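S.K.: Structure below; questions to follow.
The values are calculated or read from the model by the stated rules, or taken from the named source; none is laboratory data. All values reported here derive from a predicted model rather than from experimental measurement. Positions of Cβ are generated from backbone atoms using ideal geometry, with glycine treated the same way; all protein chains shown enter the neighbour counts.
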Amino acid sequence: MQESEPLKSTNFIHEIIEKDLQSGKYQGRVHTRFPPEPNGYLHIGHAKSICLNFGTAAKYHGLCNLRFDDTNPIKEEQEYIDSIIQDVRWIGFDWDDRLYFASDYFDQMFDYAVQLIKSGKAYVCDLTPEEIRDYRGTLTKPGKESPYRNRSVEENLDLFQRMRAGEFPDGSRVLRAKIDMASPNLNLRDPVMYRILHAAHPRTGDKWRVYPMYDWAHGLEDSIERITHSICTLEFEDHRPLYDWYLDQLGIYHPQQIEFARLNLSYTVMSKRKFLELVKDGYVRGWDDPRMPTIAGLRRRGYAPESIRTFCDRIGVAKGDSTVDIALLEYCLREDLNKRSPRFMAVLRPLKVIIENYPEDKTEMLEAVNNPENPEAGTRIIPFSRIIYIERDDFMENPPKQFYRLAPGREVRLRYAYFITCREVVKDANGQIVELRCLYDPATRGGDAPDGRKVKATLHWVSAFHALNSEARLYEKLFLKENPNEVEEGTDWKSNINPNSLEILSSCKMEPALKGKNPGFICQFERLGYFCVDPDTTSEKMVFNRTVTLRDTWAKLQKQEK
RNA sequence: UGGGGAGUGGUCGAGUUGGCUAAGACGUCUGACUCUGGAUCAGAAGGUCGCGGGUUCGAAUCCUGCCUCCCCAGCCA
């Protein structure tokens, strides 16, 4: 992102930072980090954290690292590392050469653990996982001390080295911190620091047989990188005393952790586990399905990073759980796309119109504006001929008073072309409308009547002979309920999945200028919405995703009728 | 039930040294304009600041009871 684009908004985190800046707590430094675990794809919730961390650093002329928290080789994969790097960069941030991995610090963490053992603050415990759970006690009952808690330093050192050497099977022993089994904060009841995992790590291969737990590792990572403000989500609030304890026992550099509420969005879910289920069970076509709130999904859907950043800026940062209306995301999307998108005409559900008084073999080239929001975008030329397609929704045989598009006997404008009047409705044996017979007024070429007469509506259209046949994929919300997790007894969140979230229209008629546009190309189909070219496009057939509809007051009226 | 957090119009969210009619945004509803029923512009409605006491000339802001919601009992992060 361009270096400063300063966030003008303020929040409680910035207030804390400004106080620290004034008091000189970190010698005027501001150094944050975005610390994802590479066990899945990033989503819009991560974007909030990314914008907060990178944005905060930029605002105070500090630095922000990208650091992978890769402490659990069982769940983590290189594929995720690659996708996360790509996504953070795509959102618009840069970390120079500060790409770090927790696994880079494994040796140092091990040494720190040895240091704790030597000072009698950590011990090797042979309890089984079940026993550890039992000994931990409950929310209201204090735990009991492990029988292995008072092993000698020598024995602990020996055992820990042998754990590292791979002498013991998975789950047979752990290294634990010796804190307080009666603490009301469960995190302080002798937490596990290392577990034995005979698993290959994406980056360290088979070097290690013990891997650090998040709680042990995370604070150290921040300390090692000399992070000033460790921004994380609310659920880690009562882990903070544990990080503090580790850092204090070790006597090393101490960042300040600040917690904020994670993002929730209406009409969607926001957990890697649920995304995985949606993908695995085929509710969507993959992690980058345009209905997914993953960064990859939003990108394929046609979002530009600017709109995501704006969104993250506008939602604010606070400590209370909340759910942002997805309408705000769509507002930011439209605002951004309206400014940048070239316009085209495309007919999604074609209805044939024959202009009876227009010459059979004539083709005219008419000029159209590329983007009314941006004169520099210039103009283009569109072919017009006797047979055209219009949107089926733009004609009604018996229109209600609110409807002011085409109807029998009524005159409307074809955008950038002519006024036409509907003379006759042609139906098939089943009574389905198959074709409209219209008359045009040659004097209205370009779309204006010399006599000053007005029409109520302007329709988009595509010349039948010149049309590009293509596919359009229309997306609706993935969930029917504002809060998908709110369910009837006996069902789960998946019962709220919208069965009609995808509609494929395969006989769309589009303006020929669209031919050859590459995947990722974003434009507006006039009066319909913003669309982008999908990677599924082939040389045979183009495929468009509908990113979002235009605001549509007619659709709103119709909804109210129902 | 132990510990840790949070409660401001439909949704986010300012406000936090107590003091003009409690910002702003999205949403909703009007109207203007319009060769996209888009965009834009103008305007409106909507709040017992979780609840009850108290302090004060004056409280969303301070004190005090209570209520509600979220998180924690992985060798996940």
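For every residue, the table says whether it meets (1) among the hydrophobic types (A, V, I, L, M, F, W, C); (2) at pLDDT 95 or above; (3) assigned by TED's automatic domain parsing to the domain that holds residue A:411; (4) not in a loop (DSSP other than H, G, I, E, B).
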| position | (1), (2), (3), (4) |
| --- | --- |
| A:452 | no, no, yes, no |
| A:455 | yes, yes, yes, no |
| A:465 | yes, yes, no, no |
| A:482 | no, yes, no, no |
| A:487 | yes, no, no, no |
| A:491 | no, no, no, no |
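A quick yes/no check of all residues on (1) of a type in the set (Gly, Ala, Ser); (2) at positive phi; (3) in contact with a His (Cβ under 7 Å, 6 or more places away or on another chain):
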residue	(1), (2), (3)
A:288	no, no, no
A:300	no, no, no
A:303	no, no, no
A:307	yes, no, no
A:310	no, no, no
A:313	no, no, no
A:316	yes, yes, no
A:319	no, no, no
A:324	no, no, no
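S.K.: Spot the failing condition for residue A:123; the list is (1) surrounded by fewer than 22 Cβ atoms within 10 Å (Cβ to Cβ); (2) within 16 Å of RNA strand B (Cβ to nearest atom), and only one is missed.
M.R.: Here residue A:123 clears every test but (1).
Residue by residue, here is whether (1) out of contact with any Asp or Glu (no Cβ under 8 Å at 6 or more places or on another chain); (2) assigned by TED's automatic domain parsing to the domain that holds residue A:428; (3) of a type outside the set (D, E, K, R) holds:
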site	(1), (2), (3)
A:327	yes, no, yes
A:333	yes, no, yes
A:336	no, no, no
A:351	no, yes, yes
A:357	yes, yes, yes
A:360	yes, yes, no
A:363	yes, yes, yes
A:366	yes, yes, yes
A:370	yes, yes, yes
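S.K.: Follow-up question, since we're still on this one. Could you name every one of the strands (runs of 3 or more DSSP E) located completely within segment A:203-269 that has at least 3 residues being in contact (Cβ under 8 Å) with a residue 12 or more places away in the chain, within 14 Å of RNA strand B (Cβ to nearest atom) and not polar (S, T, N, Q)?
M.R.: A:210-212, A:256-260
Yes/no per residue for (1) more than 8 Å from RNA strand B (Cβ to nearest atom); (2) among the acidic types (Asp, Glu); (3) surrounded by 15 or more Cβ atoms within 10 Å (Cβ to Cβ):
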| site | (1), (2), (3) |
| --- | --- |
| A:398 | yes, no, no |
| A:402 | no, no, no |
| A:409 | yes, no, no |
| A:441 | yes, yes, yes |
| A:461 | yes, no, yes |
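S.K.: Going through segment A:174-202 one residue at a time, which ones are basic (Lys, Arg), within 10 Å of RNA strand B (Cβ to nearest atom) and within 16 Å of residue A:114 (Cα to Cα)?
M.R.: A:176, A:195
S.K.: Look through segment A:132-154, keep the residues that are over 29 Å from residue A:74 (Cα atoms) and of a type in the set (Asp, Glu), and return whichever of them is farthest from RNA strand B (Cβ to nearest atom).
M.R.: Checked segment A:132-154; the qualifying residue farthest from RNA strand B (Cβ to nearest atom) is A:154.
S.K.: Further question: On the basis of being at pLDDT 95 or above, under 41 Å from the mean Cα position of the chain (by Cα), surrounded by 15 or more Cβ atoms within 10 Å (Cβ to Cβ) and within 11 Å of RNA strand B (Cβ to nearest atom), does residue A:129 make the cut? Walk me through how you get there before you give the answer.
M.R.: Numbers: at pLDDT 95 or above: yes; under 41 Å from the mean Cα position of the chain (by Cα): yes; surrounded by 15 or more Cβ atoms within 10 Å (Cβ to Cβ): no; within 11 Å of RNA strand B (Cβ to nearest atom): yes.
When the stated conditions are applied, residue A:129 does not pass them.
S.K.: Can you tell me which residues in segment A:493-511 are out of contact with any strand residue (DSSP E or B) (no Cβ under 7 Å at 6 or more places or on another chain) and either assigned by TED's automatic domain parsing to the domain that holds residue A:401 or within 26 Å of residue A:300 (Cβ to Cβ) (or both)?
M.R.: A:493, A:494, A:499, A:500, listed by residue number.
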